[in-house]
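A short worksheet on the structure shown next.
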Amino acid sequence: SQMLMFSAYLAVVVALYLVPLAISSPCIMEKKALGPKPAILGHRGAPMLAPENTLMSFQKAVEEKVYGVQADVVLSYDGVPFLMHDKTLRRTTNVEEVFPERAHEHSSMFNWTDLEKLNAGEWFLQNDPFWTAGSLSRADYLEAANQSVCKLQDMLEVIKDNTSLILNFQDLPAAHPYYSTYINITLETILASGIRQQAVMWLPDTERQLVRQVAPGFQQTSGLKLDAERLREKGIVRLNLRYTKVTNEDVRDYAMANLSVNLYTVNEPWLFSILWCAGVPSVTSDSSHLLRKVPFPIWLMPPDEYHLIWITSDLISFLVIVGVFIFQNENPVPEILLLSCRWRLGSIRTYNPEQIMLSAAVRRSSQDVKIMKEKLIFSEINNGVEATDELSFCSENGY
(Lines give C-alpha, C1' and ligand atoms only; values in the text may rest on other atoms or scores of the structure.)
Protein backbone atom coordinates (compact mmCIF):
# COMPACT_ATOMS: atom_id res chain seq x y z
CA SER A 1 0.00 0.00 0.00
CA GLN A 2 2.90 2.35 0.72
CA MET A 3 4.34 1.68 -2.73
CA LEU A 4 0.96 2.38 -4.34
CA MET A 5 0.60 5.66 -2.46
CA PHE A 6 4.15 6.66 -3.38
CA SER A 7 3.57 5.81 -7.04
CA ALA A 8 0.35 7.87 -7.13
CA TYR A 9 2.11 10.79 -5.44
CA LEU A 10 5.02 10.59 -7.89
CA ALA A 11 2.64 10.48 -10.86
CA VAL A 12 0.86 13.63 -9.67
CA VAL A 13 4.15 15.47 -9.14
CA VAL A 14 5.45 14.53 -12.59
CA ALA A 15 2.16 15.59 -14.17
CA LEU A 16 2.38 18.99 -12.48
CA TYR A 17 5.94 19.40 -13.69
CA LEU A 18 4.92 18.68 -17.28
CA VAL A 19 1.75 20.81 -17.34
CA PRO A 20 3.56 23.81 -18.90
CA LEU A 21 4.18 21.70 -22.00
CA ALA A 22 0.43 21.81 -22.66
CA ILE A 23 0.12 25.56 -22.03
CA SER A 24 0.13 27.83 -25.05
CA SER A 25 -0.32 31.57 -24.97
CA PRO A 26 0.04 34.14 -27.74
CA CYS A 27 1.82 36.37 -25.22
CA ILE A 28 4.80 34.00 -24.96
CA MET A 29 6.68 35.82 -27.67
CA GLU A 30 9.55 38.20 -28.31
CA LYS A 31 8.70 41.85 -27.69
CA LYS A 32 9.83 42.84 -31.15
CA ALA A 33 7.19 40.54 -32.66
CA LEU A 34 4.34 42.36 -30.90
CA GLY A 35 1.89 44.04 -33.26
CA PRO A 36 0.16 47.41 -32.86
CA LYS A 37 -2.33 47.96 -30.05
CA PRO A 38 -5.89 46.98 -31.06
CA ALA A 39 -8.22 49.85 -31.86
CA ILE A 40 -11.05 50.24 -29.34
CA LEU A 41 -14.71 50.75 -30.22
CA GLY A 42 -17.14 51.87 -27.53
CA HIS A 43 -19.96 49.37 -27.11
CA ARG A 44 -23.17 51.44 -27.30
CA GLY A 45 -21.04 54.46 -26.51
CA ALA A 46 -19.39 54.41 -23.09
CA PRO A 47 -21.90 52.37 -21.04
CA MET A 48 -19.82 52.39 -17.86
CA LEU A 49 -19.82 56.20 -17.79
CA ALA A 50 -23.34 56.92 -19.02
CA PRO A 51 -26.58 55.09 -19.93
CA GLU A 52 -26.06 52.95 -23.05
CA ASN A 53 -27.17 54.20 -26.46
CA THR A 54 -27.84 57.71 -25.14
CA LEU A 55 -26.34 60.94 -26.44
CA MET A 56 -24.32 61.32 -23.23
CA SER A 57 -22.85 57.83 -23.70
CA PHE A 58 -21.50 58.69 -27.16
CA GLN A 59 -20.23 62.04 -25.98
CA LYS A 60 -18.24 60.26 -23.27
CA ALA A 61 -16.86 57.83 -25.86
CA VAL A 62 -15.67 60.72 -28.03
CA GLU A 63 -14.05 62.35 -24.99
CA GLU A 64 -12.15 59.10 -24.40
CA LYS A 65 -10.84 59.35 -27.96
CA VAL A 66 -11.92 55.87 -28.97
CA TYR A 67 -11.36 54.64 -32.51
CA GLY A 68 -15.07 54.09 -33.05
CA VAL A 69 -18.44 53.31 -31.50
CA GLN A 70 -21.04 50.60 -31.94
CA ALA A 71 -24.75 51.42 -31.96
CA ASP A 72 -28.04 49.52 -32.29
CA VAL A 73 -30.53 51.11 -34.67
CA VAL A 74 -34.30 50.64 -34.85
CA LEU A 75 -36.98 52.60 -36.72
CA SER A 76 -39.93 54.20 -34.96
CA TYR A 77 -43.48 53.67 -36.16
CA ASP A 78 -43.43 57.02 -37.94
CA GLY A 79 -40.04 56.42 -39.61
CA VAL A 80 -37.45 58.00 -37.28
CA PRO A 81 -34.23 55.96 -36.77
CA PHE A 82 -33.31 55.84 -33.07
CA LEU A 83 -30.98 53.84 -30.84
CA MET A 84 -32.20 50.89 -28.80
CA HIS A 85 -30.72 47.45 -28.21
CA ASP A 86 -33.63 45.51 -26.71
CA LYS A 87 -36.82 44.61 -28.52
CA THR A 88 -38.84 46.35 -25.81
CA LEU A 89 -38.26 49.59 -23.91
CA ARG A 90 -38.64 48.09 -20.44
CA ARG A 91 -35.00 47.65 -19.42
CA THR A 92 -33.59 51.03 -20.40
CA THR A 93 -36.55 53.41 -20.11
CA ASN A 94 -39.45 54.17 -17.77
CA VAL A 95 -42.04 52.95 -20.29
CA GLU A 96 -43.81 50.93 -17.56
CA GLU A 97 -44.60 54.18 -15.76
CA VAL A 98 -45.48 56.34 -18.77
CA PHE A 99 -47.19 53.74 -20.99
CA PRO A 100 -47.86 50.74 -18.69
CA GLU A 101 -50.35 49.15 -21.10
CA ARG A 102 -47.74 49.19 -23.91
CA ALA A 103 -44.65 48.17 -21.94
CA HIS A 104 -44.33 44.81 -23.72
CA GLU A 105 -44.74 46.16 -27.25
CA HIS A 106 -41.84 46.16 -29.69
CA SER A 107 -39.91 49.42 -29.45
CA SER A 108 -40.45 50.13 -33.15
CA MET A 109 -44.23 50.31 -32.64
CA PHE A 110 -43.94 53.65 -30.81
CA ASN A 111 -44.12 57.00 -32.58
CA TRP A 112 -41.22 59.36 -31.99
CA THR A 113 -43.47 61.78 -30.11
CA ASP A 114 -44.13 58.98 -27.58
CA LEU A 115 -40.48 57.98 -27.39
CA GLU A 116 -39.50 61.55 -26.56
CA LYS A 117 -41.59 61.37 -23.38
CA LEU A 118 -39.50 58.53 -21.93
CA ASN A 119 -36.55 58.81 -19.57
CA ALA A 120 -33.59 56.67 -20.68
CA GLY A 121 -31.17 57.41 -17.82
CA GLU A 122 -32.78 56.77 -14.44
CA TRP A 123 -32.52 52.99 -14.87
CA PHE A 124 -28.71 53.34 -15.13
CA LEU A 125 -28.47 55.10 -11.77
CA GLN A 126 -30.92 52.73 -10.08
CA ASN A 127 -29.58 49.41 -11.42
CA ASP A 128 -25.93 50.49 -11.71
CA PRO A 129 -25.14 47.66 -14.19
CA PHE A 130 -21.36 48.12 -14.01
CA TRP A 131 -21.10 49.41 -10.41
CA THR A 132 -19.81 52.73 -11.72
CA ALA A 133 -22.71 55.09 -11.01
CA GLY A 134 -21.28 55.94 -7.60
CA SER A 135 -18.07 57.24 -9.19
CA LEU A 136 -19.83 59.81 -11.39
CA SER A 137 -19.37 63.46 -10.63
CA ARG A 138 -22.37 65.45 -9.45
CA ALA A 139 -22.77 67.06 -12.88
CA ASP A 140 -22.53 63.71 -14.71
CA TYR A 141 -24.99 62.14 -12.27
CA LEU A 142 -27.59 64.80 -12.96
CA GLU A 143 -26.98 64.62 -16.71
CA ALA A 144 -27.35 60.83 -16.73
CA ALA A 145 -30.62 61.07 -14.82
CA ASN A 146 -32.11 63.26 -17.55
CA GLN A 147 -31.17 61.29 -20.66
CA SER A 148 -33.83 60.54 -23.26
CA VAL A 149 -34.07 58.11 -26.17
CA CYS A 150 -31.44 59.13 -28.75
CA LYS A 151 -32.02 59.73 -32.43
CA LEU A 152 -29.52 58.24 -34.87
CA GLN A 153 -29.18 61.70 -36.42
CA ASP A 154 -28.17 63.28 -33.08
CA MET A 155 -25.60 60.58 -32.38
CA LEU A 156 -24.05 61.02 -35.84
CA GLU A 157 -23.61 64.74 -35.21
CA VAL A 158 -21.55 63.92 -32.12
CA ILE A 159 -19.23 61.28 -33.61
CA LYS A 160 -19.00 62.12 -37.32
CA ASP A 161 -15.75 64.11 -37.31
CA ASN A 162 -13.28 61.83 -35.54
CA THR A 163 -14.90 58.46 -34.88
CA SER A 164 -15.76 55.35 -36.87
CA LEU A 165 -19.13 53.65 -36.55
CA ILE A 166 -20.35 50.07 -36.62
CA LEU A 167 -24.12 49.71 -36.91
CA ASN A 168 -26.31 46.84 -35.83
CA PHE A 169 -30.00 46.67 -36.81
CA GLN A 170 -33.08 45.21 -35.21
CA ASP A 171 -35.52 43.27 -37.36
CA LEU A 172 -38.85 45.07 -37.49
CA PRO A 173 -42.22 43.33 -36.98
CA ALA A 174 -44.02 42.46 -40.20
CA ALA A 175 -46.82 44.86 -39.24
CA HIS A 176 -44.45 47.83 -39.17
CA PRO A 177 -45.28 50.38 -41.92
CA TYR A 178 -41.61 50.69 -42.90
CA TYR A 179 -40.84 46.97 -42.73
CA SER A 180 -39.52 46.84 -46.32
CA THR A 181 -37.89 50.28 -46.51
CA TYR A 182 -36.15 50.82 -43.16
CA ILE A 183 -32.73 50.19 -44.75
CA ASN A 184 -33.32 53.00 -47.25
CA ILE A 185 -34.43 55.44 -44.53
CA THR A 186 -31.42 54.60 -42.34
CA LEU A 187 -29.03 55.00 -45.29
CA GLU A 188 -30.47 58.42 -46.07
CA THR A 189 -30.01 59.50 -42.44
CA ILE A 190 -26.39 58.36 -42.39
CA LEU A 191 -25.44 59.99 -45.67
CA ALA A 192 -27.21 63.24 -44.76
CA SER A 193 -25.15 63.53 -41.56
CA GLY A 194 -21.94 64.16 -43.48
CA ILE A 195 -19.96 61.34 -41.87
CA ARG A 196 -17.22 59.87 -44.06
CA GLN A 197 -18.40 56.71 -45.81
CA GLN A 198 -15.10 54.97 -45.01
CA ALA A 199 -15.84 55.45 -41.31
CA VAL A 200 -19.05 53.39 -41.46
CA MET A 201 -18.88 49.61 -40.94
CA TRP A 202 -22.10 48.21 -42.38
CA LEU A 203 -23.06 45.02 -40.56
CA PRO A 204 -26.53 43.76 -41.67
CA ASP A 205 -26.74 41.38 -44.63
CA THR A 206 -30.15 42.75 -45.64
CA GLU A 207 -30.04 44.74 -48.90
CA ARG A 208 -26.24 44.63 -48.97
CA GLN A 209 -26.18 45.02 -52.76
CA LEU A 210 -28.31 48.17 -52.49
CA VAL A 211 -26.01 49.56 -49.83
CA ARG A 212 -22.97 49.03 -52.08
CA GLN A 213 -24.64 51.02 -54.83
CA VAL A 214 -25.84 53.91 -52.65
CA ALA A 215 -22.78 54.08 -50.37
CA PRO A 216 -19.80 52.36 -52.06
CA GLY A 217 -17.40 53.68 -49.45
CA PHE A 218 -18.95 51.78 -46.53
CA GLN A 219 -16.82 48.99 -45.05
CA GLN A 220 -18.89 45.89 -45.67
CA THR A 221 -18.80 43.93 -42.41
CA SER A 222 -20.10 40.45 -41.60
CA GLY A 223 -21.13 38.88 -38.32
CA LEU A 224 -20.76 35.35 -39.70
CA LYS A 225 -17.60 33.29 -39.33
CA LEU A 226 -16.92 31.96 -42.82
CA ASP A 227 -13.76 30.96 -44.66
CA ALA A 228 -11.71 33.82 -46.03
CA GLU A 229 -12.23 32.98 -49.70
CA ARG A 230 -16.00 32.99 -49.39
CA LEU A 231 -15.97 36.29 -47.53
CA ARG A 232 -13.86 37.93 -50.19
CA GLU A 233 -16.28 36.70 -52.85
CA LYS A 234 -19.11 38.46 -51.00
CA GLY A 235 -17.12 41.69 -50.88
CA ILE A 236 -16.62 41.56 -47.10
CA VAL A 237 -13.59 43.45 -45.78
CA ARG A 238 -14.20 43.21 -42.03
CA LEU A 239 -15.58 40.68 -39.52
CA ASN A 240 -17.41 41.44 -36.27
CA LEU A 241 -17.35 38.31 -34.09
CA ARG A 242 -17.58 37.27 -30.45
CA TYR A 243 -14.09 36.73 -29.07
CA THR A 244 -14.92 33.20 -27.88
CA LYS A 245 -15.52 32.07 -31.47
CA VAL A 246 -12.12 33.06 -32.87
CA THR A 247 -8.76 31.30 -32.46
CA ASN A 248 -5.26 32.62 -33.01
CA GLU A 249 -5.11 30.66 -36.24
CA ASP A 250 -8.32 32.31 -37.47
CA VAL A 251 -6.88 35.76 -36.83
CA ARG A 252 -3.72 34.88 -38.79
CA ASP A 253 -5.69 33.35 -41.67
CA TYR A 254 -7.98 36.37 -41.96
CA ALA A 255 -5.03 38.75 -41.80
CA MET A 256 -3.32 36.87 -44.65
CA ALA A 257 -6.53 37.27 -46.67
CA ASN A 258 -6.52 41.03 -45.92
CA LEU A 259 -9.62 40.75 -43.72
CA SER A 260 -9.80 42.81 -40.54
CA VAL A 261 -11.36 41.25 -37.42
CA ASN A 262 -13.20 43.11 -34.68
CA LEU A 263 -14.00 41.11 -31.53
CA TYR A 264 -16.66 41.85 -28.90
CA THR A 265 -17.26 42.36 -25.99
CA VAL A 266 -13.80 42.71 -24.41
CA ASN A 267 -13.82 44.43 -21.02
CA GLU A 268 -10.90 43.03 -18.98
CA PRO A 269 -7.30 44.25 -19.42
CA TRP A 270 -5.93 40.68 -19.23
CA LEU A 271 -8.19 39.56 -22.10
CA PHE A 272 -7.36 42.68 -24.07
CA SER A 273 -3.66 41.87 -23.56
CA ILE A 274 -4.04 38.32 -24.92
CA LEU A 275 -5.91 39.54 -28.00
CA TRP A 276 -3.27 42.21 -28.50
CA CYS A 277 -0.57 39.52 -28.53
CA ALA A 278 -2.67 37.47 -30.95
CA GLY A 279 -2.67 40.34 -33.45
CA VAL A 280 -6.38 41.27 -33.28
CA PRO A 281 -6.86 44.60 -35.09
CA SER A 282 -9.76 45.98 -33.00
CA VAL A 283 -12.15 45.17 -30.16
CA THR A 284 -15.51 46.44 -28.95
CA SER A 285 -15.62 47.18 -25.23
CA ASP A 286 -17.85 48.50 -22.45
CA SER A 287 -14.72 49.71 -20.64
CA SER A 288 -13.02 51.68 -23.38
CA HIS A 289 -11.86 54.26 -20.81
CA LEU A 290 -9.90 51.51 -19.00
CA LEU A 291 -8.48 49.63 -22.00
CA ARG A 292 -7.27 52.88 -23.52
CA LYS A 293 -4.88 53.23 -20.56
CA VAL A 294 -3.30 49.77 -20.98
CA PRO A 295 0.22 50.66 -22.23
CA PHE A 296 1.50 47.15 -22.81
CA PRO A 297 0.23 43.53 -22.73
CA ILE A 298 0.14 42.27 -19.16
CA TRP A 299 1.33 38.73 -19.90
CA LEU A 300 4.00 39.38 -22.53
CA MET A 301 7.02 37.15 -21.85
CA PRO A 302 9.90 35.99 -24.09
CA PRO A 303 10.06 32.19 -24.55
CA ASP A 304 13.51 31.92 -22.93
CA GLU A 305 12.30 33.74 -19.82
CA TYR A 306 9.21 31.53 -19.65
CA HIS A 307 11.30 28.34 -19.87
CA LEU A 308 13.72 29.64 -17.23
CA ILE A 309 10.90 30.35 -14.77
CA TRP A 310 9.30 26.97 -15.47
CA ILE A 311 12.49 24.93 -14.99
CA THR A 312 13.61 26.92 -11.93
CA SER A 313 10.24 26.42 -10.23
CA ASP A 314 10.34 22.68 -10.91
CA LEU A 315 13.87 22.33 -9.54
CA ILE A 316 13.12 24.27 -6.36
CA SER A 317 9.96 22.31 -5.64
CA PHE A 318 11.79 19.00 -6.31
CA LEU A 319 14.55 19.91 -3.84
CA VAL A 320 11.95 20.83 -1.22
CA ILE A 321 10.19 17.47 -1.65
CA VAL A 322 13.46 15.52 -1.42
CA GLY A 323 14.49 17.53 1.66
CA VAL A 324 11.21 16.73 3.41
CA PHE A 325 11.64 12.99 2.80
CA ILE A 326 15.25 13.02 4.04
CA PHE A 327 14.33 15.00 7.17
CA GLN A 328 11.56 12.56 8.03
CA ASN A 329 13.81 9.49 7.64
CA GLU A 330 16.65 10.94 9.75
CA ASN A 331 14.41 12.10 12.58
CA PRO A 332 12.12 9.22 13.53
CA VAL A 333 9.83 9.57 16.52
CA PRO A 334 11.84 8.67 19.66
CA GLU A 335 11.07 5.26 21.12
CA ILE A 336 10.58 6.74 24.57
CA LEU A 337 7.75 8.93 23.16
CA LEU A 338 6.02 5.88 21.69
CA LEU A 339 6.34 4.00 25.00
CA SER A 340 4.98 6.98 26.87
CA CYS A 341 1.98 7.15 24.55
CA ARG A 342 1.29 3.43 25.01
CA TRP A 343 1.52 3.74 28.82
CA ARG A 344 -0.85 6.70 28.84
CA LEU A 345 -3.34 4.94 26.63
CA GLY A 346 -3.11 1.86 28.86
CA SER A 347 -3.75 4.01 31.91
CA ILE A 348 -6.82 5.47 30.28
CA ARG A 349 -8.16 2.00 29.56
CA THR A 350 -7.70 0.87 33.25
CA TYR A 351 -8.74 4.06 34.96
CA ASN A 352 -12.28 3.36 36.20
CA PRO A 353 -15.00 5.61 37.68
CA GLU A 354 -14.27 4.53 41.22
CA GLN A 355 -10.69 5.82 40.94
CA ILE A 356 -11.89 9.17 39.68
CA MET A 357 -14.44 9.56 42.47
CA LEU A 358 -12.00 8.36 45.11
CA SER A 359 -9.35 10.85 44.00
CA ALA A 360 -11.87 13.64 44.42
CA ALA A 361 -12.94 12.45 47.89
CA VAL A 362 -9.60 11.14 49.20
CA ARG A 363 -9.41 13.73 52.01
CA ARG A 364 -12.90 12.99 53.28
CA SER A 365 -13.69 10.39 55.98
CA SER A 366 -17.09 8.85 55.61
CA GLN A 367 -18.84 5.60 55.08
CA ASP A 368 -19.24 6.45 51.38
CA VAL A 369 -15.49 6.76 50.93
CA LYS A 370 -14.92 3.37 52.54
CA ILE A 371 -17.50 1.80 50.26
CA MET A 372 -15.79 3.32 47.20
CA LYS A 373 -12.44 1.96 48.38
CA GLU A 374 -13.90 -1.52 48.75
CA LYS A 375 -15.38 -1.32 45.22
CA LEU A 376 -12.06 -0.20 43.85
CA ILE A 377 -10.18 -3.06 45.55
CA PHE A 378 -12.56 -5.66 44.16
CA SER A 379 -12.41 -4.00 40.71
CA GLU A 380 -8.62 -4.12 40.62
CA ILE A 381 -8.50 -7.68 41.94
CA ASN A 382 -10.90 -8.75 39.19
CA ASN A 383 -8.57 -7.13 36.65
CA GLY A 384 -5.61 -9.09 38.01
CA VAL A 385 -3.92 -6.19 39.75
CA GLU A 386 -2.28 -6.34 43.23
CA ALA A 387 -4.43 -4.05 45.34
CA THR A 388 -1.75 -3.24 47.88
CA ASP A 389 0.65 -1.97 45.19
CA GLU A 390 -1.83 0.00 43.12
CA LEU A 391 -3.76 1.60 45.98
CA SER A 392 -0.93 2.68 48.23
CA PHE A 393 -1.25 6.26 46.93
CA CYS A 394 -4.73 6.61 48.55
CA SER A 395 -4.10 4.67 51.76
CA GLU A 396 -6.08 5.90 54.74
CA ASN A 397 -6.94 4.52 58.24
CA GLY A 398 -4.73 1.49 57.84
CA TYR A 399 -5.75 0.36 54.40
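Can you give the Rg/Rh ratio of the stretch 16-167, where Rg is from the C-alpha atoms and Rh is the Kirkwood radius?
Here Rg/Rh amounts to 1.14.
Given charges of +1 on the Cβ of Lys and Arg and -1 on the Cβ of Asp and Glu, with all other atoms neutral, how large is the dipole of the stretch 31-293 about its Cα centre, in debye to the nearest 20?
1160
Any idea what the relative contact order of the stretch 31-293 is, in percent, if you count C-alpha pairs under 8 Å spaced at least 6 apart? Before the final figure, lay out each step's value.
Working: 497 pairs, mean separation 62.0, N = 263.
Relative CO of the stretch 31-293 lands at 24 percent.
Could you work out how far the C-alpha centroid of the stretch 250-318 sits from that of the stretch 146-187, in angstrom?
So the two Cα centres are separated by 34 Å.
How many angstrom lie between the Cα centre of the stretch 1-28 and the Cα centre of the stretch 35-101?
49
Report, to the nearest whole %, how much of the accessible area of the stretch 31-293 belongs to carbon and sulfur atoms, 1.4 Å probe, protein only. Walk me through the intermediate numbers first.
Values: 5840 of 12100 Å².
Carbon with sulfur: 48 percent of the solvent-accessible area.
Please list the non-local residues whose amide H lies under 5 Å from the amide H of Val73, H modeled 1.01 Å from N, same-chain partners needing a gap of 5 or more.
The list, which skips near neighbours in sequence, is Met84, Asn168, Phe169, Gln170.
In terms of modelled amide H atoms, which long-range or inter-chain residues lie less than 5 Å from the amide H of Val261?
So Val261 has HN proximity to Leu239, Ser282.
Rolling a 1.4 Å sphere over the protein heavy atoms, what is the accessible area per residue of the stretch 31-293, to the nearest Å²?
Counting only protein heavy atoms, the per-residue value for the stretch 31-293 is 46 Å².
Based on Cα positions only, what radius of gyration and what Dmax would you give for the stretch 20-75, in angstroms?
17.1, 54
Of the cross-linked pairs Lys32/Lys60; Lys31/Lys245; Lys37/Lys293; Lys32/Lys225; Lys60/Lys160, which ones have a Cα-Cα span greater than 22 Å in the structure shown?
Values: Lys32/Lys60 34 Å; Lys31/Lys245 26 Å; Lys37/Lys293 11 Å; Lys32/Lys225 30 Å; Lys60/Lys160 14 Å.
Checking Cα-Cα distances, Lys32/Lys60; Lys31/Lys245; Lys32/Lys225 exceed 22 Å.
Under the definition of Cα pairs under 8 Å and six or more residues apart, what whole-number percent is the relative contact order of the stretch 2-66? Intermediate results must be reported in sequence, preceding the final value.
Details: 30 pairs, mean separation 12.7, N = 65.
Normalised by residue count, the contact order of the stretch 2-66 is 20 percent.
How large is ³J(HN,Hα), in whole Hz, for each residue of the stretch 246-258 in order, when computed from phi with the Karplus curve 6.51 cos²θ - 1.76 cosθ + 1.60 and θ = phi - 60°, using x for Gly and Pro?
Values per residue, Gly and Pro as x: 10, 9, 4, 5, 4, 4, 5, 5, 5, 5, 5, 8, 6 Hz.
Whole number please: convex hull volume per residue of the Cα set in the stretch 31-293, in Å³?
Taking the convex hull of the Cα positions in the stretch 31-293, it is 132 Å³ per residue.
Counting residues in the stretch 206-322 as N, plug N into 2.2 N^0.38 Å and put the Cα Rg over that result.
In units of the globular-protein estimate, the stretch 206-322 measures up at 1.48.
Would you mind checking the radius of gyration and Dmax of the stretch 139-292 based on alpha-carbon positions, in Å?
17.3, 51
Can you work out the FRET efficiency for the pair Arg90 and Tyr141, with r the C-beta to C-beta distance and R0 = 30 Å, to the nearest 0.05?
0.85
The values are calculated or read from the model by the stated rules, or taken from the named source; none is laboratory data. Only a predicted model underlies this, so the values are computations on that prediction, with no experimental measurement involved. So basically every Cβ, Gly included, is an ideal-geometry build from the backbone, and we count neighbours across all protein chains shown. Please note that ligands, DNA and RNA were not included when accessible areas were found on the heavy atoms of the full protein model with its side chains. Shrake-Rupley method; radii C 1.70, N 1.55, O 1.52, S 1.80 Å.
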